[in-house]
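**Student:** The structure follows.
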């Protein structure tokens, strides 16, 4: 059924005319209001998420905005944002400096699907968000900062309009109906009652861009004008001084993008490049040529004269060249790549925009998450990845601001020369991902080929000179250092304690519940649970087998005496036998070890009722050959407290252990505090904008309750040493951690100078996971390490992304077994065995009288009281003065009597010094040496 379109009036103004004819002073601002409200305004008019899918009407997704007021509206600084139906992570498409005339619509194009042969959507604004074809949430926002949270957004202050459709868990009043690949939701007759369910209906998508319908207007063939140097077009500022003018220029093709969505090429002034100083280089010598009509007629190395209109496309200066606007001319002087380090300021980067460069200096991988979706790797100039400011310094402090400034100065994205979304084009392989040459946060990057300095999606980038067609081989123009290790660094001690997140290890599978909805691989098979049920893990037995193999490999490689686990299925909460999932994991570990190496701590008896618990829980496993539980486990239940601190988090679980060989007992407490993604129930839980995210107050209450509980000997064993382990969802210097530091705990990673981090979020490395030591545990601690096997690895390697791309990246090893890295701490807790007594005997050779000048030997034999040969050194004394020493060999040491020893009677003694604390020193009885 054709949907009812809102009245859009006569298309009186095109974008250029509107901008030229409406002075900024006359723009009517949209009245400020708390998100969705009835009446006229700038509204979301249509949403289509099925682009490029099977049965789709168009090749890409889009969101259409409409101005229902009677005056032009400036959308400068605004954005369209999208989150999944239940998600709390918001993707952003800035709208740029756009003026929307009254009664006009603006089309925001989003990601292309796999079927690019379908009709394209003529977009006024280009984005790259892959939206759902059936359900989701879209917000029109008066800022470009991403929204935070999964619910309550329809009343958020920066939200101008908001639509939740299908199975969305957040919406204005009620959800708009679900869509299919062939349908969109659109306002019915321009209605705006602030109720999505009443205002939107489904129907065929009808995108209408600003100033026209969906039929593109042919670009007229330009008339060549007076030649202009590329540097003049670029200018010395952040925008061209010639915007809107038609110019002619000539350059050498240095980059060529006939496929992948760029639809153009780069020209650079002949003879430029080579050694240059970015600070002294006043204007770029290169420019991007946007020209689908001529890109197929040129090649890298050609010298080309072009005529086209100068535009600023979301910060990138470009020439828009139509058919007939490019001509290959005689070869000119070649371009040399400029050898430059990454500039620290936008001004210096502008002077290199679109130029061919050979990046110099150190570069380090800082994020691999978007590599899976867009073939993009975030890099940091220098030897270290970008840091989470609140992991280094207190929130809001000058030191934290300095870290943020340093991040901005060093950040650059390595892109793949394409706009393709690999979550939509799933038969393709993302660039840079490889099992042969793994990309990992913290690894160094070496550029084997020149790249282009580019500006797209509001970010500075280094693009290859041609779109990368990846095959997983690792051949891509850059070399990534392989920093993987087979095991964590040695932490010393005789026992160890670790923390490990097992990434929603569920033995209750999604396929077992008809209400569960899966994430599917490219063949349409379920891989992991998306929504609809309590399960969060693998979809079926095959998926579970792949997940379990990786987790087992990681825990075996970690090989700690005690391991605190997070994100394991709470079987009791799902109506299964208590600890069923935990027992399954331990059985898999023992199968892999070939012996009963592992055991688990049963869930505490004092947990709240299962119906009041989360579907994931924390747990403890251990090696019985190394440690033994002391007493029963205990849980921190705050449900009856005045402040129910753990109403929105997992209850801490404690167990005391003693070394199996005897020694100092210690208590391990596993924690999983409230996440940062959504606000909890307390007044201080709203995101304060200081870098700590949402629910800081919840985590502070949880830290306070934990500290109070620990002060009272929760296991009743009297053990003095305590280790708090787990995912505190707090970076090292944030408020909840300060509560625990003030209670006397120290962060083991910081105390032992670890340079690794346990988590990577939005290209920033920091530790949400910690092992905290009270003073008694700190005295026992011998070392700490974060084993970097997960957070910095490409997400494409995760079991949940199995068969998501044209190349299969799964391997049954520890790498990307989770999204958090494990932490391990060594303890010197085993009691020292008493030192063995020793007996030293001495004899002379020959016995009795000896002849001066002849070989005369002193021989000492040292044994423990049980007859074992001692090890160490024996010093020989004659008449109370040392004459030499010898190392024991098989329990004996021999020294020749000095040749210059005078004739007569001499007193001889052997003194044993052991080489370890396991033996006591001793000395022989005195013997008389008679020298004739």
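Okay, residues lined up against (1) under 14 Å from residue 349 (Cα atoms); (2) not in a loop (DSSP other than H, G, I, E, B):
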| site | (1), (2) |
| --- | --- |
| 253 | no, yes |
| 260 | no, no |
| 271 | no, no |
| 274 | no, yes |
| 281 | yes, no |
| 288 | no, yes |
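**Student:** I would also like to ask the following. Output the residue which, of all residues in region 563-583 that are surrounded by 19 or more Cβ atoms within 10 Å (Cβ to Cβ) and under 21 Å from residue 627 (Cα atoms), is farthest from the chain's Cα centre (by Cα).
**Tutor:** Checking each candidate, the answer is 579.
**Student:** Without any contact (Cβ under 8 Å) to a residue 24 or more places away in the chain, in the same structural domain as residue 858 (by TED's automatic domain parsing) and buried (at least 16 other Cβ atoms within 10 Å of the Cβ): which single residue out of 883, 909 fits that description?
**Tutor:** Exactly one of 883, 909 is without any contact (Cβ under 8 Å) to a residue 24 or more places away in the chain, in the same structural domain as residue 858 (by TED's automatic domain parsing) and buried (at least 16 other Cβ atoms within 10 Å of the Cβ), namely 883.
**Student:** Considering (1) surrounded by 23 or more Cβ atoms within 10 Å (Cβ to Cβ); (2) assigned to a strand (DSSP E or B), say which one residue 560 fails and leave the rest.
**Tutor:** Condition not satisfied by residue 560: (2).
**Student:** Can you find even one residue in region 628-646 that is touching a residue at least 24 places away in the same chain (Cβ under 8 Å), part of a loop (DSSP other than H, G, I, E, B), under 31 Å from the mean Cα position of the chain (by Cα) and over 20 Å from residue 562 (Cβ atoms)?
**Tutor:** yes
**Student:** When region 162-182 is examined, which residues are found to be within 16 Å of residue 44 (Cβ to Cβ) and over 31 Å from the mean Cα position of the chain (by Cα)?
**Tutor:** Residues of region 162-182 within 16 Å of residue 44 (Cβ to Cβ): 162-166, 168, 170-177, 179.
Scanning region 162-182 gives 172, 173, 174, 175, 176, 177, 179.
**Student:** Something else: For the condition closer than 24 Å to residue 424 by Cβ, surrounded by fewer than 24 Cβ atoms within 10 Å (Cβ to Cβ) and touching a strand residue (DSSP E or B) at 6+ places or on another chain (Cβ under 9 Å), what is the one hit in 92, 98?
**Tutor:** Checking each option against the conditions leaves just 92.
**Student:** Report, by residue number, each residue of region 346-369 that is touching a residue at least 24 places away in the same chain (Cβ under 8 Å) and surrounded by fewer than 18 Cβ atoms within 10 Å (Cβ to Cβ).
**Tutor:** Selection gives 346, 347, 348, 358, 362.
**Student:** Restricted to region 504-518, and to residues that are part of a strand (DSSP E or B) and closer than 14 Å to residue 546 by Cβ, which residue is farthest from the chain's Cα centre (by Cα)?
**Tutor:** My answer is 505.
**Student:** Among the residues of region 430-460 satisfying the criterion of being closer than 12 Å to residue 357 by Cα and in contact (Cβ under 8 Å) with a residue 40 or more places away in the chain, which is surrounded by the most Cβ atoms within 10 Å (Cβ to Cβ)? Break it down into steps so the answer makes sense when it comes.
**Tutor:** Let us first name the residues in region 430-460 that are closer than 12 Å to residue 357 by Cα, namely 447-454.
Restricting the remaining residues to those that are in contact (Cβ under 8 Å) with a residue 40 or more places away in the chain gives 447, 450-454.
Values: 447: 18, 450: 22, 451: 24, 452: 25, 453: 27, 454: 24.
The extreme case among them is 453.
**Student:** Still on this model: At pLDDT 95 or above, touching a strand residue (DSSP E or B) at 6+ places or on another chain (Cβ under 6 Å), outside any loop (DSSP other than H, G, I, E, B) and farther than 16 Å from residue 706 by Cβ: is that true of residue 589 in this structure?
**Tutor:** No: the conditions fail for residue 589.
**Student:** Can I ask one more? Which condition breaks for residue 466 when tested against (1) within 22 Å of residue 364 (Cβ to Cβ); (2) touching a strand residue (DSSP E or B) at 6+ places or on another chain (Cβ under 6 Å); (3) assigned to a loop (DSSP other than H, G, I, E, B)?
**Tutor:** (1)
**Student:** Residue check, residue 602 against (1) surrounded by fewer than 20 Cβ atoms within 10 Å (Cβ to Cβ); (2) assigned to a strand (DSSP E or B); (3) touching a strand residue (DSSP E or B) at 6+ places or on another chain (Cβ under 7 Å), all met but one. Which one?
**Tutor:** The failed condition is (2).
**Student:** Right, next: If you go through region 753-772 one residue at a time, do you hit one that is modelled with pLDDT under 95, surrounded by fewer than 18 Cβ atoms within 10 Å (Cβ to Cβ) and touching a strand residue (DSSP E or B) at 6+ places or on another chain (Cβ under 8 Å)?
**Tutor:** yes
**Student:** Out of curiosity, is residue 796 surrounded by 16 or more Cβ atoms within 10 Å (Cβ to Cβ) and assigned by TED's automatic domain parsing to the domain that holds residue 676?
**Tutor:** Here the answer is yes, as residue 796 does meet what is asked.
**Student:** Could you list, in sequence order, the residues of region 374-396 that are surrounded by fewer than 20 Cβ atoms within 10 Å (Cβ to Cβ) and modelled with pLDDT under 95?
**Tutor:** 396
**Student:** Continuing with the same structure: Please go through region 698-723 and give me each residue that is in contact with a strand residue (DSSP E or B) (Cβ under 8 Å, 6 or more places away or on another chain) and in contact (Cβ under 8 Å) with a residue 60 or more places away in the chain, ordered by number.
**Tutor:** Within region 698-723, 706, 709, 710, 714, 715, 716, 717, 719, 721, 723 meet the criteria.
**Student:** List, please: which pairs have Cβ atoms under 7 Å, are six or more places apart or on different chains, and start with a residue in region 45-73 that is on the phi > 0 side of the Ramachandran plot and end with one that is modelled with pLDDT of 90 or more and in a strand (DSSP E or B)?
**Tutor:** 52/60
**Student:** Mind telling me which of the residues 523, 486 ends up being in a loop (DSSP other than H, G, I, E, B) and modelled with pLDDT under 95?
**Tutor:** 523
**Student:** Here is a further query. Consider only pairs whose beta carbons are under 6 Å apart and that are at least six residues apart or on different chains; among these, list those whose first residue lies in region 588-604 and is without any contact (Cβ under 8 Å) to a residue 24 or more places away in the chain and whose second residue is part of a strand (DSSP E or B).
**Tutor:** The qualifying pairs are 600/621.
**Student:** Is one or more of the residues making up region 409-429 in a helix (DSSP H, G or I), touching a helix residue (DSSP H, G or I) at 6+ places or on another chain (Cβ under 7 Å) and surrounded by fewer than 23 Cβ atoms within 10 Å (Cβ to Cβ)?
**Tutor:** no
The values are calculated or read from the model by the stated rules, or taken from the named source; none is laboratory data. Because the structure is a prediction, the values reported are computed rather than measured. For neighbour counting, all protein chains shown are included, and Cβ atoms are generated from backbone atoms with ideal geometry for every residue, glycine included.
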